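The values are calculated or read from the model by the stated rules, or taken from the named source; none is laboratory data. Quick caveat, the model's predicted, so the values are computed rather than measured. Using ideal geometry, Cβ is built from the backbone for each residue, glycine included, and neighbour counts are taken over all protein chains shown. Ligands, DNA and RNA are excluded from the accessible area calculation, which covers all protein heavy atoms including side chains. Shrake-Rupley method; radii C 1.70, N 1.55, O 1.52, S 1.80 Å.
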Amino acid sequence: MDYKLILEEIAAEIEPLRQVGRQADYIPALAKVNPDRFGICITTTDGEVIEWGDVTERFSIQSVTKVFSLSMSLSLMGESLWKRVGKEPSGAAFNSLIQLELDRGIPRNPFINAGAIVLADVLISTLDNPEKDYLSFVRSIASDSTIGYDYEVATSERAKGYINAAIANMLKYYGNLDNDIEDVLHFYFLQCSVEMSCRQLSKAFLPFADRSTAFSFDGISLTSSQVKRINAVMQTCGFYNDAGEYSYLVGLPGKSGVGGGIGAVYPGRYAVATWSPRLNEKGNSVMGMKALELLTTHTNESIF
Ligand code: GLN
C-alpha cells in the first residue's frame with residue numbers, strides 16, 4: 001500500500017475544507033491557536049512513519065487524553081472500574097449534564113467528560129503522585145520524554161470550566177467521586193492539556209494497534225484482551241454523539257479532542273493521528289474526520 005501517495009491525494013481533496021468549522025473557544029487559551037492547520041501522520045506496526053502537513057507542531061490533545069486515562073484506570077482497577085462508569089455510547093454531547101442526572105451519577109462511558117472526571121478521581125485514589133505518574137505513563141507510551149502539560153491551557157480551562165464543575169458536583173452528590181472536587185478538576189484539566197504533535201500522537205497510539213507486543217509502559221500493563229476492549233470503547237464512544245457517523249464514514253477505533261486532534265488505529269497495521277483545529281458542531285475536527293474517511297476509502301482498509 002502506497003500510504004505516502006494516498007496521503008498526498010487526501011491532502012489535495014480536503015484542501016477546500018480548510019476554513020470550514022470553528023475552533024473551540026470556550027477554553028480561552030485554545031482560541032489563540034491558528035485554526036488553519038492540518039497534519040496527518042501514520043506510524044505502522046513495522047515502524048514506518050508516513051506524514052503530511054503540520055505534523056511537528058504541538059497542540060492540546062484534550063479528550064484524546066481519555067484513552068490514556070482509561071488505560072491506566074483499567075490496568076489499576078480491572079473490571080471493577082465498570083461499577084463506576086458505563087461502556088455504552090452516550091448519544092449526547094460530550095459535556096451533557098442532563099444525561100448524568102438521568103443516569104444518577106454513573107457516566108455512560110469513560111470518553112465523555114463525566115466519565116473521564118470519574119477516571120481522574122480513580123487515578124488520584126490509586127496513584128502515589130497522580131500528576132507526575134500520569135505524565136510519565138504518557139511519555140513512556142509515546143517513547144518521548146519531551147511531552148508535557150500546558151499549564152496555561154489547564155488554568156484557562158479551569159477559569160471558565162463551569163459545566164465540568166457542575167458535572168463534578170453532580171458526581172459528588174451521587175457518591176461517585178471520592179476525592180475533593182477541586183483536586184479532581186485540577187487533575188482532569190491537566191490531563192486534557194497534554195501537548196503533542198501528530199507525529200507524537202500516532203506513536204502514542206501504536207500500542208493500541210499492535211497487540212503482538214506486550215502493553216507495558218511505566219508500570220502500567222494491559223492484556224491483549226484489555227487493549228482490544230479499549231479499541232471497542234473507542235469505536236462506540238470515541239466521538240460522542242458523532243460516533244455512529246464516524247463509524248459509518250471511517251471504520252477505525254478512534255478518539256477525538258476539542259483541540260482538533262484525533263488518534264485512531266487500524267489494528268495490526270498502523271496508528272494514525274490527525275490535527276486540524278476547526279471543529280464540527282459535535283466538537284470533532286472537520287478536516288481530520290474527512291481525512292480519515294478518505295484514508296479508509298482509498299485504501300479499502302478498515303475494521304469492517
Ligand atoms: N477539556 C475539554 C472539556 O472538558 C475536553 C473536551 C473534548 O475534548 N471533547 O470540555
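Lys and Arg at +1, Asp and Glu at -1: add these up for the other residues within a Cβ distance under 12 Å of Thr296 and post the number. Walk me through the numbers on the way to the answer.
Working: positive: Arg269, Lys290; negative: Glu293, Glu301.
So the surrounding residues net to 0.
Of the accessible area of the chain, with the probe set at 1.4 angstrom, what percent is carbon plus sulfur? All intermediate terms of the calculation are to be shown ahead of the outcome.
Working: 6030 of 11830 Å².
Reported share for carbon and sulfur atoms: 51 percent.
What does the extension gain come out to for Ser145 and Asp2, with contour length at 0.36 nm per residue minus their alpha carbon separation? Please report the intermediate quantities before stating the final value.
Details: separation 143, 0.36 × 143 = 51.48 nm, distance 3.11 nm.
Full-extension gain reported as 48.4 nm.
With +1 on each Lys and Arg Cβ and -1 on each Asp and Glu Cβ, how big is the dipole of the chain about its Cα centre, in debye rounded to the nearest 20?
Working: 27 positive and 36 negative charges, 99 e Å.
Magnitude of the dipole: close to 480 debye.
Would you please state the base-10 log of I(q)/I(0) at q = 0.10 1/Å for the range 4-111, with intensities from the Debye formula using one equal scatterer on every alpha carbon?
Debye curve over Cα of the range 4-111, log10 I(q)/I(0) at q = 0.10 Å⁻¹: -0.49.
Taking each pair of different alpha-carbon atoms in the range 216-277 once, compute 1/r for the pair, average those values, and report the inverse of that mean as the Kirkwood hydrodynamic radius in Å to one decimal. Spell out each step's value before the answer.
Values: mean 1/r = 0.0805 Å⁻¹.
The answer is 12.4 Å.
Divide the volume of the convex hull of the Cα atoms of the chain by its number of residues and quote the answer in cubic angstrom per residue. Let's see the in-between values first.
Details: hull volume 33.4 nm³, N = 304.
Considering the Cα atoms of the chain, their hull volume per residue is 110 Å³.
Going 7 Å from the Cα of Asp46 along its beta-carbon direction, which residues of the range 242-278 have the amide nitrogen within less than 17 Å of the resulting point?
266-271
Restricting to DSSP H runs of at least four residues, report the calculated mean residue ellipticity at 222 nm for the chain, -39500 (n - 2.57) per run over all residues, nearest 500 deg cm²/dmol. Don't skip to the answer; put the middle values down first.
Details: 12 runs with 138 residues, N = 304.
That calculation yields -14000 deg cm²/dmol at 222 nm.
If R₀ is 35 angstrom, what is the calculated FRET efficiency for the pair Ala214 and Gln19, using the beta carbon separation as r and rounding to 0.05? The partial results should precede the final answer.
Working: r = 44 Å, r/R0 = 1.26.
E(calc), rounded to 0.05, equals 0.20.
Three principal axis extents, largest first, for the C-alpha atoms of the range 86-136, in Å?
34, 17, 16
Computed over the Cα atoms of the range 11-61, what is the ratio Rg over Rh, Rh following Kirkwood?
Using only Cα positions, Rg/Rh for the range 11-61 is 1.04.
So for the range 51-132, averaging the separation of alpha carbon pairs under 8 Å that are six or more residues apart and normalising by length, what relative contact order in percent results? Kindly include the intermediate steps, with their values, before the conclusion.
Working: 66 pairs, mean separation 24.9, N = 82.
Dividing the mean separation by the residue count of the range 51-132 yields 30 percent.
Give me the count of lysine pairs in the chain whose alpha carbons sit under 15 angstrom apart, restricted to pairs 8 or more positions apart or on different chains.
9
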